[in-house]
Number of protein chains: 2
Amino acid sequence: MEVGEALQRVDDLLLSIADSSVPLLRETSQHILGAGGKRIRPRLLLLAYSAAGGTDFETAIPLAAAVEIIHTATLVHDDINDHGTLRRGRETVNSRWGGTFALLTGDYLFTRTYELMAPYSTELNRILARASTALVEGETMQIQAAREGTFDTATYFEIIARKTAALFVAAAELGATAADPPRFWVQALSQYAFNLGIAFQIIDDVLDLVADSAQLGKNTGMDIAQGRGIAVAIQRSRGDAAGVPAPAVEAENDISRQAIQQAILSGHTIEEAVAKGREKATEFATQAVGHLDTLPGSGAVDALRDLARQVVERDH
Amino acid sequence: MEVGEALQRVDDLLLSIADSSVPLLRETSQHILGAGGKRIRPRLLLLAYSAAGGTDFETAIPLAAAVEIIHTATLVHDDINDHGTLRRGRETVNSRWGGTFALLTGDYLFTRTYELMAPYSTELNRILARASTALVEGETMQIQAAREGTFDTATYFEIIARKTAALFVAAAELGATAADPPRFWVQALSQYAFNLGIAFQIIDDVLDLVADSAQLGKNTGMDIAQGRGIAVAIQRSRGDAAGVPAPAVEAENDISRQAIQQAILSGHTIEEAVAKGREKATEFATQAVGHLDTLPGSGAVDALRDLARQVVERDH
């Protein structure tokens, strides 16, 4: 089986996992899981498995589905907190079914992942469990820092390491560990994934500043509106950081939103953040690729190099 | 170690699990986990373990903590959806920290449980994972049936089997299985727990009708206000069910709440629901106890008999 075919099998599995006996949960889960998405985490997992010498994708496919569902669960819950209306080119679960059912849909996706992982070893379960906790902690830190007006660059990196890179690391470690290779191969792939995850999130933040919603399939301009993201971090880490007011508790507060946007725009911070972000993302992607040198050459390793390039060059 | 001492150790473990490196999550988790509560699920788990011949409580203590955290996570999320303000004698996380952080606190408790369970076998993880899914499905069915005005007695039993009895069953099966006894002992304890869980939830609903908030340490009168619970189920299952209007989407809608309350009260349904509820709960508790007869006599089995009596007689 090739990675492409295995990814198709992951998609099939995602839809079958969404098949709750409660029609509403089936509908909401299939709405979000069936909307596609970049599937970068399952791709990373399958490539790490292959790069570490794995050949039987049957073992890796449920693991790849598990990381994608955890990621999707956090998106569904984030969209409640952010009042997002568009996700993966579709209306958000929150926007279509309301906050109560969006909350339960996210919970359902968590518990289904837990069921899916039950047959696997303690080691694999621990990897995914710790990453899941890190995601929740990162999201909490982000909302708190945004509300309290303390979102500077140091905080920014601490947050994206948890809310994004942690699950990239888990994907690589799950895939690699399942292939049972020498320990240092797992470590190399783990380091690759950490740097890739940081690069991915920086570009995500850059796209939130410059891309439009239709292009990304999700709301854009959310970061500045909510007092977070790379532009806010750069502005706050400057001497004139005090000039950026903390946003109000809720993002819909237009006065606070405008105040932030003006403060950022007047400092040309967006252009600076975009340039700085692309530069930093390229650095992290380069570091990521460097960690692959300790692995034996293979098509999968080449594909991981390619993935790092795609992550930096992507426009959606 | 006695069950009482083991329960104290469960409480200590709960607080240490709440010890996130993110101060806000530590505060919210300790607020709810440190508030006590009846701890009936961990007690059931430890007694099932002991009744099935288990002697080393070290194995069972983390399992007992896991069921209590899953239960607590669902309470934190339910309190968002129900707009509850009082829980375990304290302000709800939602009321004190707001919906966003309550959502993340519930998520955090889920992921920490998953971490806690990682060292255990596939069999034990599958038991807890399936119960967790059942809880989310039961809660979803309840909200949907309440909103759509279809909350009759058949639906009521289907819902409480999932939202309450499933975790009681998991507690008994986890405790019993960990002691590795003959298979039919596990089955007997599982059946005991199912019937106990149904009895427990019926009494919970009766107390929601007749007890006051201070006595229960949580908001009361929520069921009728939200178009659910045993009184609504009885009213709807009658010929005059059509007379009960469906509540509005949000519970705060006072007009809808009053309309429901009047419809129920005018039919003397509350007094009837209380009498019928106590009668049904006693039947289920009696059935529960009957399943214990296949187990060898022990202090733990006596305590399980006593637990069934307490569940029916409790006033808080």
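Quick notes on this structure:
- Residue A:59-residue B:187 FRET efficiency (beta carbon distance; Förster radius 41 Å; 0.05 resolution): 0.80
- Nearest 10 degrees, 0 to 90: helix B:166-178 Cα axis against chain B principal axis: 10 degrees
- Pairwise centroid distance, computed over Cα atoms, of region B:123-170 with region A:183-212, Å: 39 Å
- Computed from Cα positions, the angle between helix A:99-117 and the longest principal axis of chain A comes to roughly 30 degrees.
- This ranking places A:156, B:114 by how few other beta-carbon atoms lie within 10 Å of each, fewest first, which gives A:156, B:114.
- Shielding by partners - mean other protein chain Cβ count within 10 Å, residues of A:127-133: 5
- Label geometry 7 Å along the beta-carbon vector: residue A:214 inter-copy distances in nm: 6.3
- Test item: A:94-101 mean partner chain Cβ contacts at 10 Å: 3
- Number of Lys-Lys pairs in chain A with C-alpha atoms under 20 Å apart and a separation of 8 or more places or on different chains: 4.
- Region A:130-197: relative contact order as a whole-number percent, Cα under 8 Å and 6+ apart: 35 percent
- Take each residue in B:140-153, count the other chain C-beta atoms within 10 Å of its C-beta, and the mean is 2.
- Other residues within the sphere of radius under 10 Å centred on the Cβ of residue A:314, judged by their own Cβ, net out at -1 (K and R +1, D and E -1).
- Relative to the Cα centre, the charge distribution of the protein assembly as shown, modelled as +1 at Lys and Arg Cβ and -1 at Asp and Glu Cβ, gives a dipole magnitude of about 60 debye.
- Dipole of chain A [Lys/Arg +1, Asp/Glu -1 at C-beta], most positive-end residue of A:32, A:216, A:103: A:103
- Per-residue [θ]222 nm for the protein assembly as shown (sum of -39500 (n - 2.57) over DSSP H runs n ≥ 4, rounded to 500): -23500 deg cm²/dmol
- Shortest-first distances to equivalent copies, position residue A:315, nm, label 7 Å out along Cβ: 7.3
- Cα principal axis extents for region B:3-313, largest first, Å: 55, 48, 32
- For region A:3-313, a crude dipole built from +1 on the beta carbon of Lys and Arg and -1 on the beta carbon of Asp and Glu, taken about the Cα centre, is about 100 debye to the nearest 20.
- Mean separation of Cα contacts under 8 Å (6+ apart) over length of region B:3-313, as relative contact order %: 20 percent
- B:152, B:56 arranged by Cβ crowding within 10 Å, fewest neighbours leading: B:56, B:152
- Counting neighbouring Cβ atoms within 10 Å and putting the fewest first, the residues A:1, B:222 line up as A:1, B:222.
- With label points set 7 Å from Cα along Cα→Cβ, the inter-copy distances at residue A:36 are 5.6 nm, sorted shortest first.
- Region A:102-119 and region A:1-79: distance between their alpha carbon centers, rounded to Å: 13 Å
Rule-based calculations on the coordinates, nothing more; no lab input. Nothing here was measured: the structure is a model prediction, and the numbers come from that model. Using ideal geometry, Cβ is built from the backbone for each residue, glycine included, and neighbour counts are taken over all protein chains shown.
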